[in-house]
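First the structure, which I've put down as structure tokens, then a few questions once you've had a look.
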Amino acid sequence: MPYNGGMTDLTLVVPFSLPPAELAADLVRALKAPNLAALLSRSASFKRSSVDGAGRSLPHERWLAAAMDLPGPGLPFATAVMRGFQLDPGADNWLIVHPVHIEIARTHLLMSDMRRINLVESHARALYDSARPYFDEDGHTLLYGDAGTWFMRAAPLECDWADLDTASPDATGGMNLTDSMPLGAAALAYRKLQNEVQMLWHHHPANAEREARGLPAINGFWPWGAARGQAAPFALASANAPAWLAALGTSVHGPFAAWLDQPGRAATFLEAALIGPALAGDWADWLQQMARIDSELLAPALAAVKAGMKLELVLSHRSGLVEANVTAMSQRSFWRSHSLERLLG
């Protein structure tokens, strides 16, 4: 569908579209992405920022929290995600809670990527129903969003969890979980409740069924994203996103080109398909997804730019972020050859 030239300018966010430094040269050499090359090479502005790669949040998560103007430190997504699940946070502090599988490796703990644990609704409901009294007993009201996304009230009378220093689940991907454990005055209370839930779920029938099917047991919960009160609406659309992120806006399942041409569409689109392959180190899948994104998203975006749309392109990896602004005028810079060199750095 051709771009009609009358739509809202677009910010396109593609987490983990920057290759890691140690593999960048080989991956860029293998990457077929002519539209990305055109957008990056002929941008009106280009900014690269680097951060500590061992942090408790990822660059695209911090960018999104800032773009949404969320109040508070860290990644205060909880109440905005609750709104996406039609849950009312009231005036309380809340945390996002994910049921997870924690793996004991030879020398450390790892938390499995939630995209890969295949937690079905029936098992999630059974585990949630069994654990809820333990949360409620401590004043941490537990609410159900979907199979992998729950919410707990952070601030009972005796122990406020709102100030816990937590890590996002994707920031822990492939990392030593010990380095990402919640810290702060409520950390001991967190560990106590975590131990109680782990013992409760150890012989749970839902886990017995999962293990019989060759699936990992759900043996813990992960809290993060503390926030309070109502969050202002934000015009976000996403594709291939985890449930918490998809709940921040609308999910797009059809062709991106058709969505791009819709009247009143969101001003920001986040394509999340690269996060899983990058966290897993599956670079063959990453290359395939990058080629698809180039064809299905960046080709129509480039056509729209040439027709007059202004595009902000936000690319990232674990320790850095690139922001490029592209206009019809910048695309006329014919003396700049198309290249993916700006993915390196």
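Rounded to two decimals, what is the ratio between the C-alpha radius of gyration of segment 223-284 and 2.2 N^0.38 Å?
Against the empirical 2.2 N^0.38 Å value, I get 1.33 for segment 223-284.
Here's a follow-up. If the only charges are +1 at each Lys and Arg Cβ and -1 at each Asp and Glu Cβ, what is the size of the charge dipole of the chain around the Cα centre, to the nearest 20 debye?
1180
If you don't mind, another one. Provide, in order from the shortest bin, the percent of all Cα-Cα pairs of the chain in each 20 Å bin, continuing until the bin that contains the maximum pair distance.
29, 54, 16, 0
Hey, another quick one. Counting only GluC sites (Glu not before Pro) that sit in a DSSP loop (anything but H, G, I, E, B) with at most 15 other Cβ atoms within 10 Å, what is the longest stretch of the chain containing none of them?
Answer from the scan: 159-345.
Highest first, please rank the peptides 24-31, 142-149 by the mean number of other Cβ atoms sitting within 10 Å of their residues.
For the peptides 24-31, 142-149, the packing ranking is 142-149, 24-31.
Still on this model: Using alpha carbons only, what's the Rg to Rh ratio of segment 92-247 with Rh from Kirkwood?
0.94
Which of the chymotrypsin sites (Phe, Trp or Tyr not before Pro) found in segment 245-345 are loop residues per DSSP with 16 or fewer other Cβ atoms within 10 Å of their Cβ?
Within segment 245-345, the qualifying chymotrypsin sites (Phe, Trp or Tyr not before Pro) (loop, at most 16 other Cβ atoms within 10 Å) are 334, 335.
Size of the dipole of segment 165-260 about the Cα centre, Lys and Arg at +1 and Asp and Glu at -1 on the beta carbon, nothing else charged, in debye to 20?
Here the size comes out at about 140 debye.
Could you tell me the ratio Rg/Rh of segment 32-73? Both radii from Cα atoms, Rh via Kirkwood. Intermediate values should be presented prior to the final figure.
On the way: Rg = 14.4 Å, Rh = 13.0 Å.
Value, to two decimals: 1.10.
Run a plain Debye calculation on segment 70-155 (Cα atoms as equal point scatterers, no solvent) and give log10 I(q)/I(0) at q = 0.12, 0.14, 0.23 Å⁻¹, rounded to two decimals, same order as the q list.
-0.42, -0.56, -1.20
Hey, another quick one. Determine, from the Cβ-Cβ distance of residue 258 and residue 86 and an R0 of 35 Å, the FRET efficiency 1/(1 + (r/R0)^6), rounded to the nearest 0.05. Provide the component values of the computation, followed by the final result.
Details: r = 27 Å, r/R0 = 0.76.
The calculated FRET efficiency here is 0.85.
Considering only DSSP states other than H, G, I, E and B, which trypsin sites (Lys or Arg not before Pro) in segment 241-342 qualify as loop sites with at most 14 other Cβ atoms within 10 Å?
336
Within 14 Å, Cβ to Cβ, of residue 199, how many net charges do the neighbouring residues add up to if Lys/Arg are +1 and Asp/Glu are -1? List each step's numbers first, then the result.
On the way: positive: 191, 192; negative: 196.
So the surrounding residues net to +1.
A further question follows. Run through segment 95-185 and list the trypsin sites (Lys or Arg not before Pro) located in a DSSP loop whose Cβ has at most 15 other Cβ atoms within 10 Å.
Hits after loop and neighbour filter: 106.
Rounded to the nearest 500, what is the 222 nm mean residue ellipticity of the chain from helices alone, with -39500 (n - 2.57) per DSSP H run of 4+ residues and division by all residues?
The per-residue figure over the chain is -8500 deg cm²/dmol.
For segment 257-282 and segment 136-200, compute the distance between their C-alpha centroids and round to whole Å.
Here the answer is 29 Å between Cα centres.
Lysine pairs in the chain with alpha-carbon atoms under 29 Å apart, 8 or more places apart or on different chains: how many are there? All intermediate terms of the calculation are to be shown ahead of the outcome.
Values: 32/47; 32/306; 32/310; 47/306; 47/310.
Going through the chain pair by pair, I get 5.
Also: So how do 128, 134 line up by other beta-carbon neighbours within 10 Å, fewest first?
So the residues, fewest neighbours to most, are 134, 128.
Here's a follow-up. Counting only DSSP beta bridges with both residues in the chain, what percent are antiparallel, rounded to the nearest 5?
Details: 32 of 46 bridges.
Approximately 70 percent, going by the DSSP bridge assignments.
Each value in this text was obtained by applying a stated rule to the coordinates, not by laboratory testing. Computed from a prediction, not measured in an experiment: that's the story for all the values here. Glycine also receives a Cβ, built like all others from the backbone with ideal geometry; neighbour counts cover every protein chain displayed.
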